[in-house]
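These notes concern the structure reproduced below.
The values are calculated or read from the model by the stated rules, or taken from the named source; none is laboratory data. The model shown is predicted, which means the values in this text are computed figures rather than measured ones. Glycine gets a Cβ as well: all are built from the backbone with ideal geometry, and neighbour counts include every protein chain shown. All accessible areas refer to the heavy atoms of the entire protein, side chains included, with ligands and DNA or RNA removed. Shrake-Rupley method; radii C 1.70, N 1.55, O 1.52, S 1.80 Å.
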Amino acid sequence: MTTPVLGIIGGSGVYDIDGMTNKEWRRVETPFGEPSDELLFGELGGQKLVFLPRHGRGHRIPPSELNFRANIDAMKRAGVTEIVSVSAVGSLKEELPPGTFVIVDQFIDRTFARVKSFFETGLVAHVSMAHPVCGRLGDIIERAAQDAGIPAVRGGTYLVMEGPQFSTQAESNLYRQWGCDVIGMTNMPEAKLAREAEMCYATVAMVTDYDCWHPDHDAVTVEQVVKVLIENADRARALVKAIVPYVAGRDCACGKGCHSALEHAIITHPEKRDASLVSKLDAVAGRVLKK
Ligand SMILES: CSC[C@H]1O[C@H](OP(=O)(O)O)[C@H](O)[C@@H]1O
Ligand SMILES: Nc1ncnc2[nH]cnc12
């Protein structure tokens, strides 16, 4: 049995996990530099849990400067098998008002100033991103939300923008025409890197605002985002707690293929592989590179 370790990446407003026992903040070294913060190791309801505040405690790091590779590599080194991202987003749809939780299932990646892969010259790999979130983890989050009495919308496309400025109204309207549901600045390349590292990844997107397209609402401000996040903090905490029993003690081998994403992805001939890169990817790709 593959023993599950649940990892939570907490976004804006989520800098700690309530109710964790045996808590210890620990620095995890990675070949990619510093993660956003120390990782919080502990247990919740008897289940091992590892928490990372995406922007660091005190929200120090902006989206474009996040060291996504270090964050995902550190989670992998910590033994995490499945990551739940908890993220603040703007709504691009009338029917997704502030306060709505969306279990995202697709992304459009419009970021352009980030390192997006663990692989590079000397070791080339192409993983599938057709289904960018783990459907099994999505099912778990959906059931957990029902148990906790939290209405959550299953499915939705998250437009990932570069930021840090919020969108112009023309951009917001364009993304609406594309059929996107919510907008944020952080889940890419995070989801791509989690896939490369063969970890399940799913997102709970908490709607905090109507971005800037809605004729009856003011354009989004940080003040508004924080206000809605504070109002929703209890529900976010309850949802994390409700996820735990579905992970605890179960075989987490992912039937959706997340844990074998690299199986046929590496194309570089073994003799042409860069040895230093191969050793740098010991945690992320060791399963396939050691064969
Ligand atoms: C504080 S509003 C903008 C900020 O919030 C979201 O971050 P996260 O996904 O980490 O909750 C958004 O993507 C921006 O980074
Ligand atoms: N409207 C918005 N745009 C981008 N990121 C956000 N995070 C929360 N609201 C947002």
Within segment 217-233, identify whether any single residue is more than 16 Å from ligand 2 (Cβ to nearest atom), on the phi < 0 side of the Ramachandran plot and either at pLDDT 95 or above or basic (Lys, Arg) (or both), and answer yes or no.
no
Selection count where residues are within 10 Å of the chain's Cα centre (by Cα) and over 18 Å from VAL127 (Cβ atoms), scope segment 171-189:
1
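Yes/no matrix, rows are residues, columns are (1) acidic (Asp, Glu); (2) out of contact with any Pro (no Cβ under 8 Å at 6 or more places or on another chain); (3) crowded, with 16+ Cβ neighbours inside 10 Å:
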residue: GLY11; (1), (2), (3): no, yes, yes
residue: ASP16; (1), (2), (3): yes, no, no
residue: MET20; (1), (2), (3): no, yes, yes
residue: PHE32; (1), (2), (3): no, yes, yes
residue: SER36; (1), (2), (3): no, no, yes
Is there any pair linking a residue in segment 212-229 that is under 18 Å from LEU174 (Cα atoms) to one that is near ligand 1 (Cβ under 9 Å from one of its atoms) and among the hydroxyl-bearing types (Ser, Thr, Tyr), with Cβ under 8 Å and at least six apart or on different chains, and which?
VAL220/THR208
Test: residue in segment 130-140 that is over 27 Å from ASP282 (Cβ atoms), modelled with pLDDT under 95 and crowded, with 19+ Cβ neighbours inside 10 Å
no
Looking at (1) of a type outside the set (Gly, Ala, Ser); (2) surrounded by fewer than 17 Cβ atoms within 10 Å (Cβ to Cβ); (3) touching a residue at least 12 places away in the same chain (Cβ under 8 Å); (4) assigned to a loop (DSSP other than H, G, I, E, B), find the lone condition where LEU96 falls short.
(2)
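Given the criteria under 19 Å from the mean Cα position of the chain (by Cα) and either in contact (Cβ under 8 Å) with a residue 60 or more places away in the chain or within 16 Å of ligand 2 (Cβ to nearest atom) (or both), does ASP147 qualify?
Against the criterion (under 19 Å from the mean Cα position of the chain (by Cα) and either in contact (Cβ under 8 Å) with a residue 60 or more places away in the chain or within 16 Å of ligand 2 (Cβ to nearest atom) (or both)), ASP147 does not qualify.
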Looking at LYS256, LYS241, LYS192 in this structure, which one is surrounded by fewer than 24 Cβ atoms within 10 Å (Cβ to Cβ), among the basic types (Lys, Arg) and more than 29 Å from GLU120 (Cβ to Cβ)?
LYS241
Could you check ARG143 against (1) within 26 Å of ASN67 (Cβ to Cβ); (2) outside any loop (DSSP other than H, G, I, E, B) and say which number it fails?
(1)
Selection status of CYS200, open to solvent by less than 70 Å² (accessible area, probe 1.4 Å), in contact with a Ser or Thr (Cβ under 6 Å, 6 or more places away or on another chain) and under 17 Å from GLN106 (Cα atoms):
no
Looking at ARG114, ARG110, ARG143, ARG57, which one is away from ligand 1 (no atom under 16 Å from the Cβ), open to solvent by 20 Å² or more (accessible area, probe 1.4 Å) and at pLDDT 95 or above?
ARG143
Would you be able to say whether some residue in segment 195-211 is within 16 Å of ligand 2 (Cβ to nearest atom), of a type in the set (S, T, N, Q) and modelled with pLDDT under 95?
no
Taking segment 259-276 as the search range and keeping residues that are open to solvent by 80 Å² or more (accessible area, probe 1.4 Å) and outside any helix (DSSP H, G or I), which one is nearest to ILE83 (Cα to Cα)?
HIS264
Could you check, for segment 33-56, whether at least one of its residues is over 18 Å from the mean Cα position of the chain (by Cα), hydrophobic (A, V, I, L, M, F, W, C) and more than 20 Å from VAL247 (Cβ to Cβ)?
no
Which one of these does GLY179 not meet: (1) open to solvent by 40 Å² or more (accessible area, probe 1.4 Å); (2) without any contact (Cβ under 8 Å) to a residue 24 or more places away in the chain?
(1)
Name the residue that is nearest to the chain's Cα centre (by Cα), counting only residues in segment 153-170 that are more than 12 Å from ligand 2 (Cβ to nearest atom) and hydrophobic (A, V, I, L, M, F, W, C).
VAL153
